[in-house]
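**Student:** Sharing a structure with you now.
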Amino acid sequence: MGHRPEENPPVVVGIDGSSSAAGAARWAAREAARRGAPLEVVTRAHDAIPLLIAATRRAALLVVSDRGLGRVAGLTAHAECPVVVVRGEQPSENDGPVVVGVDGSQLGEAALAFAFQVADLREALLIVVHAWSDSALDAGLVPLLSWDDVETAEHPLLAEWLAGWNEKYPDVVVQRVAVRDRPAHALLEQATAAAARLVVVGAHGRGGATALGSVSHAVLHHAPCPVAVVRPERTLR
């Protein structure tokens, strides 16, 4: 059985009466029960964003629907906890894996920490995806690279990133995926193929719409399941 956090701050959910918000409320209620934590409901109004942000200062996580995704960037930029965006109506959570993207950065480390936590609570398989591409390289260098050698080097690097987390969460079964691909495409492909129950991505610091980053933005708009957005400076509760 996965171990629970010592403290149980609330799971906060924002609702506005829509069917998608009802799906978010059901997801949040199940998560609160799983954590043994209280559920706090914030009824959305025209100025709900400040209310939701204020509630996150003492919350384990904030759950919202994907209705009005344009506001999600503002929430992730200022929320004091991870934000879970429930896409569409979720009548029940499946028993699929948790999928997370990593790149060795502080951003990826925060996403990985949250992913291990939720996978442990759910006793779920965790698929850790590390993707790279040649888009950031000088065009003149690309023909000179041996992609087989690059892939061979990336696998032990991924294992190194996971070493400490495997020790902290020994009961979590991890599947490693290191692939030459665009990160967003790789995450979406893994989430779809595995019928994931949750995808975890990192978000940058304050900065409005740019806080999400291109990968998080793409995953939020196209994932087949709920998406958790985690910022590096957010302490997991």
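**Student:** Can you confirm whether the stretch 46-67 contains a residue that is under 17 Å from the mean Cα position of the chain (by Cα) and at pLDDT below 90?
**Tutor:** Yes, the conditions are met somewhere in the stretch 46-67.
**Student:** Search the stretch 87-125 for residues being modelled with pLDDT of 90 or more and part of a loop (DSSP other than H, G, I, E, B), and hand back the single one that is nearest to the chain's Cα centre (by Cα).
**Tutor:** Ranking the qualifying residues of the stretch 87-125, first place goes to Pro97.
**Student:** Out of the stretch 166-191, which residues are of a type in the set (Val, Ile, Thr) and either buried (at least 16 other Cβ atoms within 10 Å of the Cβ) or at pLDDT below 95 (or both)?
**Tutor:** If the condition is that a residue be of a type in the set (Val, Ile, Thr) and either buried (at least 16 other Cβ atoms within 10 Å of the Cβ) or at pLDDT below 95 (or both), then Val172, Val174, Val177, Val179 are the ones that fit.
**Student:** Yes or no: Leu236 at pLDDT below 90 and in a helix (DSSP H, G or I)?
**Tutor:** Here the answer is no, as Leu236 does not meet what is asked.
**Student:** Within the stretch 49-86, how many residues are among the small types (Gly, Ala, Ser) and in a strand (DSSP E or B)?
**Tutor:** 1
The values are calculated or read from the model by the stated rules, or taken from the named source; none is laboratory data. From a predicted model like this one, the values you see are computed outputs, not experimental measurements. Quick reminder, even Gly has a Cβ in these numbers, built from the backbone with ideal geometry, and neighbours come from all protein chains shown.
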